[in-house]
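Student: One structure, as C-alpha cells, below. Some questions next.
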Amino acid sequence: MIQEIQHFVNGQNKPSHSGQQPVDNPATGDVIAQVHLADADFVDEAIKIAKQAQKEWRNTGLGKRSQVFFRLAHILRSENDSLAEIISEENGKTIPDAHGEIARGLENVEFCAGLGHHLKGEAAQQVATGIDVEQLKQPLGVVACITPFNFPAMVPLWMTTAAIAAGNSVIVKPSEQVPASVMWLADAFQRAGLPNGVFNVINGKKDTVEALINHPDIKAVSFVGSTPVAKSIYSQASAKGKRVQALGGAKNHMVVMPDADLDAAADAAVSAGFGAAGQRCMAVSVIVAVGEIAETVTAKIAERAKKLRVGPGNKDGVDLGPVINNEAKSRILNYIDSAEKQGGTIVLDGRKCSLPEQGYFVGPTLVDNVTPGMDVYDNEIFGPVLSVVRVENFDEAVALINSSSYANGVAIFTRDGKTAREFRMEIEVGMVGINVPIPVPVGTFSFGGWKDSLFGDTHIYGAEAFHFYTRRKVVSTRWPDPDESQISLGFPTH
Ligand code: NAD
C-alpha cells in the first residue's frame, strides 16, 4: 500500500495542498509513499507555531528537558528495529548499516541528556568593587535543520538534539527522498514528552527550503548536503544575518604507506569505500598508494571487493545495497565510463557484475592509475567507486590531498609514529584517522570538514553545537549601598 506522508506540526500530522511527490524504494524502484510538499504559506504557519511553542520550552526546567532525552534514548534503543527497517526501505542501506546509523545518532541524544552541564555559563565575582559578572547561554528561537538523503535519521539527530536541548524549537526539512525516518523521530520525540510544536517536520524541496531559510523568524540554519547547495544556503541565509553552518560534500583520501599492514589497510579500504554503497560523506573515495606497495594493495582490495554481495538492504547477507535513485546510478556509471576513457585501469568493474534487475544497483568498482584531472578524481562520485592514485612518497601524498578543494575526512595507514604525527600536523582536512578509515568523531566531540566541505565556522553536534544554538549574554551586577551617592560621569573602571 502506498503510504501518504504529510508534515508534522504542533504534535500532529498535517496535510498541505501544494503538491506531492513519490518516494521510491531504491532496491525495487517501486513507489512506497507520496510525500506532501509545503509552500511558503505552510512554512510560515509552521514557523508561527514553532515560535509560540519555543516561548514555553525555553522556560522549561533543565531537569525536565533532560528527561525527554533519557526517554528518547530508551525509545531509540528499544525500538531501533522498526526505525532500521524504515531507513533501509527508503534509503536502500543494509539493516546492519541502518542500526549503525541509529547508534551514532543515539550518541547525540545521550550527550544532550547532560544538557544541564552543557548549558552552564561562566561567572566571576568582584570584577570591580562590588560588581559580579555572569555569562548566560540563551536559546536563539526557531532553528531550521535541512538534511540529506544518506543518513535519514542520524543527521536530523546531529542537529535537532542540541538545538532542542538548548531551548530552541526546530523545523526539520528532510530530503524528499527519505521523509519517513524523520516522521518516525517526530513521533518518538513526542512520546518522549517533548511539548507540541518544539519538533516540527516540513516536507518539500528547493522552494520549501528557500521559504524556510529566508523567513525572518528563523534564527539559525543547520544544513548538511552537497557542496553547491551548502554554498548557496550559506550565502542566502548569512546575507539575512542568520547564523549558518552548512556542511557540504567530500572526496576522502586514504594514504597507505609502504610500512602499513596491507591486509588491515585493504580491509579498511573495502569497508570504508563500499559501505552504504559509497554514499557516506566520510566514505573513502581515493586510495593514495605510496611507493612500491601500489600493486599489492590494489590486488588485495580487489580480491576482497569481488566477494561483496550486492542486493536489497533488507536481505540477510547483503553487503551493499542500491544507490538512491536512477539519476545517481547513471551519474556513477558515467564516471566509470569516463575513468576508462581518460586512462584509468578498471580493476573491478561494477558495470559488469551480476546485479538484481529491479532497483538502482551498481557493483563495487576499483580503478587504478587514477590521476588528478580525471573526472573520477576531481568530483565527488557518491557511489561504490574506489580510485587508486599512485605516488612516490609521503610528501607527494600530503601535497595531493592538500590541493583538493574538499577537506572532510582523511586517513593514513602506517606503523610509524613519526609519519603519523607529521601527517596529522600537515594535513589540511577537518577529520583525520590514523589507522582508522572513517574517523567520524564520537558524540562528545564535534563533526566538521574544512574548505568546501563546511561553510560557516562551527562544527556540528557535541560542545560546538551548544555554542551554535545559543547566544551568550553577559550580565554585570551590583547591589549598591542605598546611602552611597551613585552619580559618576566617568567611564566605569575598576
Ligand atoms: P542535496 O544537497 O541534494 O540535498 C540536501 C538537502 O537540500 C535536501 O533536503 C534537499 O531537499 C535540499 N536541496 C536540494 N537542492 C536544493 C536547492 N537547490 N536549494 C535548496 N535546497 C536544496 O544532498 P543529498 O543528495 O541529499 O545528499 C548527498 C550529499 O550530502 C553529498 O554531497 C554528501 O557528501 C553530502 N553529505 C555531507 C555530509 C557532511 O557531514 N559533510 C554528511 C552527509 C551527506
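The values are calculated or read from the model by the stated rules, or taken from the named source; none is laboratory data. Remember, it's a predicted structure, so these values are computed and weren't measured experimentally. Neighbour counts are summed over all protein chains in view; Cβ atoms, including those assigned to glycine, are modelled from backbone coordinates with ideal geometry. Side chains included, ligands, DNA and RNA excluded: accessible areas come from the protein's heavy atoms. Shrake-Rupley method; radii C 1.70, N 1.55, O 1.52, S 1.80 Å.
Student: Step by step: first the residues of the stretch 206-234, then only those that are of a type outside the set (A, V, I, L, M, F, W, C) and free of Cβ contacts under 8 Å to residues at least 60 places away in the same chain, then the one that is nearest to the ligand (Cβ to nearest atom). Which residue is that?
Tutor: We begin by selecting, within the stretch 206-234, every residue of a type outside the set (A, V, I, L, M, F, W, C); these are 206-208, 210, 214-217, 219, 222, 225-228, 231-232, 234.
Checking which are free of Cβ contacts under 8 Å to residues at least 60 places away in the same chain leaves us with 206, 210, 214, 216, 228, 232.
On the way: Lys206: 4, Glu210: 6, Asn214: 11, Pro216: 18, Pro228: 7, Ser232: 6 Å.
Ranking the qualifying residues of the stretch 206-234, first place goes to Lys206.
Student: From the list Lys55, Lys64, Lys51, which residue is open to solvent by 20 Å² or more (accessible area, probe 1.4 Å) and either within 17 Å of Phe8 (Cβ to Cβ) or of a type in the set (A, V, I, L, M, F, W, C) (or both)?
Tutor: Working: Lys55 fails: either within 17 Å of Phe8 (Cβ to Cβ) or of a type in the set (A, V, I, L, M, F, W, C) (or both); Lys64 fails: either within 17 Å of Phe8 (Cβ to Cβ) or of a type in the set (A, V, I, L, M, F, W, C) (or both).
From the options Lys55, Lys64, Lys51, the qualifying one is Lys51.
Student: Same structure, new question: Mind checking which residues of the stretch 379-409 are free of Cβ contacts under 8 Å to residues at least 40 places away in the same chain and over 15 Å from Glu422 (Cβ atoms)?
Tutor: Correct list: Ser403 only.
Student: Which numbered condition trips up Arg280, out of (1) over 30 Å from Thr458 (Cα atoms); (2) assigned to a loop (DSSP other than H, G, I, E, B); (3) among the charged types (D, E, K, R)?
Tutor: (1)
Student: Next question, about the same structure. How many residues does the stretch 459-478 hold that are surrounded by fewer than 22 Cβ atoms within 10 Å (Cβ to Cβ) and within 17 Å of Gln138 (Cα to Cα)?
Tutor: Total meeting the criteria: 9.
Student: Could you tell me which residue of the stretch 190-205 is most open to solvent (accessible area, probe 1.4 Å), considering only residues that are away from the ligand (no atom under 16 Å from the Cβ) and outside any loop (DSSP other than H, G, I, E, B)? Spell out how you get there, then give the answer.
Tutor: So in the stretch 190-205, the residues away from the ligand (no atom under 16 Å from the Cβ) come out as 190-199.
Of the ones still in play, those that are also outside any loop (DSSP other than H, G, I, E, B) are 190-191, 199.
Values: Gln190: 64, Arg191: 112, Phe199: 6 Å².
Across the stretch 190-205, the extreme among qualifying residues is Arg191.
Student: Looking for whichever is modelled with pLDDT of 95 or more, open to solvent by 20 Å² or more (accessible area, probe 1.4 Å) and touching a helix residue (DSSP H, G or I) at 6+ places or on another chain (Cβ under 6 Å) here; the options are Asp375, Asp368. Which one fits? First the steps, then the outcome.
Tutor: Details: Asp368 fails: open to solvent by 20 Å² or more (accessible area, probe 1.4 Å).
Selected residue: Asp375, the only one of Asp375, Asp368 that is modelled with pLDDT of 95 or more, open to solvent by 20 Å² or more (accessible area, probe 1.4 Å) and touching a helix residue (DSSP H, G or I) at 6+ places or on another chain (Cβ under 6 Å).
Student: Checking Asp97 against (1) part of a loop (DSSP other than H, G, I, E, B); (2) over 21 Å from Phe445 (Cα atoms), which test does it fail?
Tutor: (1)
Student: For the stretch 301-324, indicate whether the set of residues that are within 14 Å of the ligand (Cβ to nearest atom) and either of a type outside the set (Phe, Trp, Tyr) or modelled with pLDDT of 95 or more (or both) is non-empty. Walk me through it before giving the result.
Tutor: Filtering the stretch 301-324 for residues within 14 Å of the ligand (Cβ to nearest atom) gives 323-324.
Retained after the next criterion (residues that are either of a type outside the set (Phe, Trp, Tyr) or modelled with pLDDT of 95 or more (or both)): 323-324.
Among the residues of the stretch 301-324, at least one is within 14 Å of the ligand (Cβ to nearest atom) and either of a type outside the set (Phe, Trp, Tyr) or modelled with pLDDT of 95 or more (or both), which makes the answer yes.
Student: Sticking with this structure for a sec: Anything in the stretch 218-242 that is under 23 Å from Ala162 (Cβ atoms), of a type in the set (Lys, Arg) and either surrounded by fewer than 19 Cβ atoms within 10 Å (Cβ to Cβ) or under 15 Å from the mean Cα position of the chain (by Cα) (or both)? List them, or say none.
Tutor: Lys240
Student: Please state which one of Gly363, Gly350, Gly343 is small (Gly, Ala, Ser) and open to solvent by 10 Å² or more (accessible area, probe 1.4 Å). Before the answer, list the steps.
Tutor: Details: Gly363 fails: open to solvent by 10 Å² or more (accessible area, probe 1.4 Å); Gly350 fails: open to solvent by 10 Å² or more (accessible area, probe 1.4 Å).
Checking each option against the conditions leaves just Gly343.
Student: Using the structure shown, decide if Lys306 is in contact with a Leu (Cβ under 8 Å, 6 or more places away or on another chain), among the charged types (D, E, K, R) and either buried (at least 23 other Cβ atoms within 10 Å of the Cβ) or more than 30 Å from Gly29 (Cα to Cα) (or both). Spell out how you get there, then give the answer.
Tutor: Numbers: in contact with a Leu (Cβ under 8 Å, 6 or more places away or on another chain): yes; among the charged types (D, E, K, R): yes; either buried (at least 23 other Cβ atoms within 10 Å of the Cβ) or more than 30 Å from Gly29 (Cα to Cα) (or both): no.
Against the criterion (in contact with a Leu (Cβ under 8 Å, 6 or more places away or on another chain), among the charged types (D, E, K, R) and either buried (at least 23 other Cβ atoms within 10 Å of the Cβ) or more than 30 Å from Gly29 (Cα to Cα) (or both)), Lys306 does not qualify.
Student: Right, another one. Looking at Val155, Val143, which one is within 10 Å of the ligand (Cβ to nearest atom) and under 18 Å from the mean Cα position of the chain (by Cα)? If you could, list the steps in order and put the result at the bottom.
Tutor: Numbers: Val143 fails: within 10 Å of the ligand (Cβ to nearest atom).
Only one candidate passes the filter, namely Val155.
Let's see how each residue does on (1) within 16 Å of the ligand (Cβ to nearest atom); (2) touching a residue at least 40 places away in the same chain (Cβ under 8 Å); (3) within 22 Å of Glu422 (Cβ to Cβ):
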residue: Asn252; (1), (2), (3): yes, yes, yes
residue: Val255; (1), (2), (3): no, yes, yes
residue: Asp267; (1), (2), (3): no, no, no
residue: Ser285; (1), (2), (3): yes, yes, no
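Student: If we scan the stretch 124-138, do we find a residue that is surrounded by 18 or more Cβ atoms within 10 Å (Cβ to Cβ), more than 13 Å from the ligand (Cβ to nearest atom) and closer than 23 Å to Pro195 by Cβ? Reasoning before the result, please.
Tutor: The initial filter retains those residues of the stretch 124-138 that are surrounded by 18 or more Cβ atoms within 10 Å (Cβ to Cβ), namely 137.
With the extra rule that they be more than 13 Å from the ligand (Cβ to nearest atom), the set shrinks to 137.
Adding the requirement that they be closer than 23 Å to Pro195 by Cβ leaves 137.
Yes, the stretch 124-138 contains at least one residue that is surrounded by 18 or more Cβ atoms within 10 Å (Cβ to Cβ), more than 13 Å from the ligand (Cβ to nearest atom) and closer than 23 Å to Pro195 by Cβ.
Student: Looking at the stretch 382-395, is at least one residue open to solvent by less than 10 Å² (accessible area, probe 1.4 Å), in the same structural domain as Ala277 (by TED's automatic domain parsing), aliphatic (A, V, I, L, M) and in a loop (DSSP other than H, G, I, E, B)?
Tutor: no
Student: Which count do you get for residues in the stretch 169-189 that are in a helix (DSSP H, G or I), within 16 Å of the ligand (Cβ to nearest atom) and touching a helix residue (DSSP H, G or I) at 6+ places or on another chain (Cβ under 8 Å)?
Tutor: Residues that pass the stated criteria total 4.
Student: Looking at the stretch 113-149 only, could you name the residues that are on the phi > 0 side of the Ramachandran plot and outside any strand (DSSP E or B)?
Tutor: Selection gives Gly130, Gly141.
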